[in-house]
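The values are calculated or read from the model by the stated rules, or taken from the named source; none is laboratory data. Just so we're clear, the structure is a prediction, and the values are computed from it rather than from any experiment. Virtual Cβ from ideal backbone geometry, glycine too; neighbours counted across all protein chains shown. Calculation scope for accessible area: heavy atoms of the full protein, side chains included, ligands and nucleic acids excluded. Shrake-Rupley method; radii C 1.70, N 1.55, O 1.52, S 1.80 Å.
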Amino acid sequence: MANHTPGELVVRKMPFEFPEDIDPHWNKDKPEWSHMVSGASLAMPFLEPYLIRTMRKALERIESDALKKEVKLYMAQEGQHFQQHRRFNDILIGKGYTALLEVEAQMKKEFEEFDQNRSLKFNLAYACGFESMALGIGHWLVRDREYLFGGSDTRVASLILWHFIEEVEHKNVAFDAYQAVYGNYFYRVFGTLYATAHVVKFSRRAYQAMLKKDGLWGSFRSRWALLKMIGRFFVNMTPPLMSVCVPGHHPSNVKDPQWYRDWIATYGEDEHAVVVLDTDNLQASFS
Ligand SMILES: [Fe+2]
Ligand SMILES: [Fe+2]
């Protein structure tokens, strides 16, 4: 059950820098996309600690030592992710997007309620479901990286791509934990749909607040650009989410992208080469 992950997960402490000069429109050509990504980033310091708490509870129910080891490495990776997002989110809020504080308060409340009032089965199905979505997003971001991040601020692009490289890397862990403890197929599908809708709900609230602050929410042109990006999200995310819902699905059967492999291999040789990506040449492989 636990032997799906090829190689051991690596906990990378990435030395990203988020100085005050980061523009909230970090992709100048695509302010709506900038805010969609930042909206998802806003959720991470609430969502990922919740995943860690859930997996810590699941550890007590897992018998396989190999899977327990993977779960602990998974928790350490997620711990790094949300700390980096926290620093980036604080910059955004400091730039005057104070309406995000209200969205944060609501997320804090809901994830605490999940901890207190929901079963471990629900929380673990949520974790498994979120990871299924994250794997699909990882593939999309890597495949479409030139369009989505080309010419953007490398500090933000590098943060997001590092995060989702590791989402691809730990694709099996929450799935295997859910299978080991519960394994019910229909509830796993429910968890996937629930987690996807829940994260999308909060990301939407956040980007809506940012676009309102920019005065773009009422602009037809901006709304059309936003709608096109949302369409792109659904076009790219529908196939992976559908394949997750097929009985017998296992994330280890999802083939890893070549650029992902190159990123991992390059980090193994020279970690500085991947900390700051060249956003003017994202099609290039490292090795
Ligand atoms: Fe993560
Ligand atoms: Fe993850």
*Taking only Cα atoms and a 10 Å spring cutoff, compute GNM fluctuations for the chain and point out the largest among Asp153, Asp256, Asp270.*
Asp270
*Efficiency by 1/(1 + (r/R0)^6): what FRET value for Lys109 and Ser252, r their Cβ-Cβ distance, R0 = 22 Å, to the nearest 0.05?*
0.05
*Mind telling me which of His163, His85, His198 comes out most flexible in a GNM of the chain, alpha-carbon contacts under 10 Å?*
His198
*asked:* Which residue fluctuates most in the GNM of the chain (Cα springs below 10 Å): Ser38, Ser222, Ser203?
replied: Ser222
*For the chain, calculate the relative contact order in percent as a whole number, restricting contacts to Cα pairs under 8 Å that are 6 or more residues apart.*
30
*Å² of accessible area per residue within the stretch 31-275, as computed with a 1.4 Å probe and no ligands counted*: 41
*Spin-label pair Ser243/Ala76, simplified geometry with 7 Å Cα→Cβ offset, distance in nm*: 3.0
*What's the center-to-center distance, using Cα atoms, between the stretch 259-284 and the stretch 165-219 in Å?*
26
*Estimated translational D of the stretch 98-193 in µm²/s (Stokes, Kirkwood radius over Cα pairs; 4 °C; 1.567 mPa s)*: 85
*Of the peptides 22-29, 128-135, how do they stack up when ordered by the mean number of other Cβ atoms within 10 Å, highest first?*
128-135, 22-29
*Could you pull out which residues in the stretch 137-165 have an amide N less than 14 Å from a spot 7 Å beyond the Cα of Phe286, following the Cα-Cβ vector?*
158-165
*Work out how much length Asp270 to Phe220 would gain on full extension: take 0.36 nm times their residue separation and subtract the Cα-Cα distance, in nm to one decimal.*
13.4 nm
*Paramagnetic reach from Glu146 in the stretch 265-287 [backbone N under 16 Å; point 7 Å along Cα→Cβ]*: 278-286
*Can you send over the carbon and sulfur percentage of the accessible area for the stretch 31-275, probe radius 1.4 Å, protein chains only?*
56
*Residue pairs, from the table Lys72/Lys171; Lys68/Lys201; Lys13/Lys69, whose Cα atoms sit over 21 Å apart*: Lys68/Lys201
_Given points 7 Å out from each Cα along the Cα-Cβ axis, report the Leu101 to Lys212 separation in nanometres with one decimal._
1.6
*At q = 0.15, 0.16 Å⁻¹, work out log10 I(q)/I(0) for the stretch 31-275 with the Debye formula, treating every Cα as an identical point scatterer and leaving solvent out; two decimals please.*
-1.11, -1.26
*Between the alpha-carbon centers of the stretch 9-70 and the stretch 89-103, tell me the distance in whole angstrom.*
18
*222 nm mean residue ellipticity, helices alone, for the chain (DSSP H n ≥ 4; -39,500 (n - 2.57); rounded to 500)*: -24000 deg cm²/dmol
_Among the complete DSSP H segments of the chain, which ones combine at least 20 Å of alpha-carbon extent along their axis with a mean Kyte-Doolittle hydropathy of -1.0 or more?_
31-59, 65-94, 99-117, 120-143, 154-169, 185-214, 220-244
